[in-house]
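Take a look at the structure set out below.
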Amino acid sequence: MAQKTSTVNISFRDDLLIEIDDVAKAESRSRSELIQNPKSQKKLPRFLTEQEMFSLLDGLETETFVGTRDRALLELLYASGMRVGEATSLDVDDVAPGADRIRVWGKGAKERVVPLGGEADATLQRYLAEARPLLLRGRRTDFLFVNPRGAALSRQGFWKKIKLYGIHAGIRTPLSPHVVRHSFATHLLENGADLRSVQIMLGHADISTTQIYTHVNRERLRRLYESYHPRA
């Protein structure tokens, strides 16, 4: 009987040691996975304040036809929230005089309608009447935004120019067309727009993509609180 009990005790001890060893290995693997694959935190999008956006727009020289074109494109991007690639793909027929919206073909050839404010429409009509014919110099193309060679303005070409405009306006935030898009969404939400409407205007398939702008608002409110509240 004593031998049986001893055998059972040894077997139980061996099973327990094996189980403890398995748990230790599992915990070790889990810790290793956490170290190797830390959860990445989403970067908050960069955006301009409303005052910075106005300084950028008002600082563009519209005495030249290139400046008039770039002011019209920037006004359009800020008024509509469209991607720069969507804007540079527009045809002349896509913009009707006095229209308050534009039809856009976005990612995956998905169609959406974006707003067009009065200021953006006015600068677009001035560009069409005064600057675009001088840029084309008798050449013909359906593209709305053109370069001095009469070809479509490239996304990369405008990307370089907007950086220079930002420096000229004294804006410290590294500037790109996408920062203008982020500013469009952020300013709408700051002024009371609902998230679903912003999602539709941006052309996001999933509202979770748009929700990043609510984090921007919360972060900005936190900074304002810490800066101005006497007991923060």
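No lab work stands behind these numbers, since they all come straight from the coordinates. Note that the structure is a prediction, hence the values are computed from the model and not measured. Note: ideal-geometry Cβ built from the backbone for every residue, glycine included; neighbour counts use all protein chains shown.
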Write out the trypsin sites (Lys or Arg not before Pro) in segment 125-232 meeting two conditions: DSSP loop, and at most 15 other Cβ atoms within 10 Å of their Cβ.
137, 139, 140, 149, 172, 231
Stretch gain in nm, segment residue 209-residue 140, where the contour uses 0.36 nm per residue and the Cα spacing is subtracted:
20.9 nm
From phi via Karplus (6.51, -1.76, 1.60), per-residue ³J(HN,Hα) for segment 181-193 in Hz, x at Gly/Pro
4, 4, 5, 3, 5, 5, 5, 4, 5, 5, 9, x, 5
What list of ³J(HN,Hα) values in whole Hz, one per residue of segment 127-143 in order, does the Karplus curve 6.51 cos²θ - 1.76 cosθ + 1.60 (θ = phi - 60°) give from phi, with Gly and Pro shown as x?
4, 5, 7, 10, 8, 4, x, 6, 5, 6, 6, x, 7, 10, 7, 7, 5
Karplus-derived 3J(HN,Hα), 6.51/-1.76/1.60, for each residue of segment 153-162, Hz, glycine and proline x:
5, 7, 4, 5, x, 6, 4, 5, 5, 5
What ranking do 158, 65 get, fewest neighbouring Cβ atoms within 10 angstrom at the top?
65, 158
Treat each spin label as a single point 7 Å out from the Cα along the C-beta direction, and report the residue 122 to residue 222 distance in nm.
4.0 nm
Classify segment 133-191: rounded, prolate or oblate, from the alpha-carbon gyration tensor (a ≥ b ≥ c, eigenvalue square roots; a/c under 1.5 rounded; otherwise prolate if a/b is larger than b/c)?
prolate
Any residue on another chain or 5+ positions along whose placed amide H is under 5 Å from the amide H of residue 62 is listed here as none
For segment 62-144, rounded, prolate or oblate, judged on the Cα gyration tensor with a ≥ b ≥ c (square roots of eigenvalues), a/c < 1.5 rounded, else prolate if a/b > b/c?
prolate
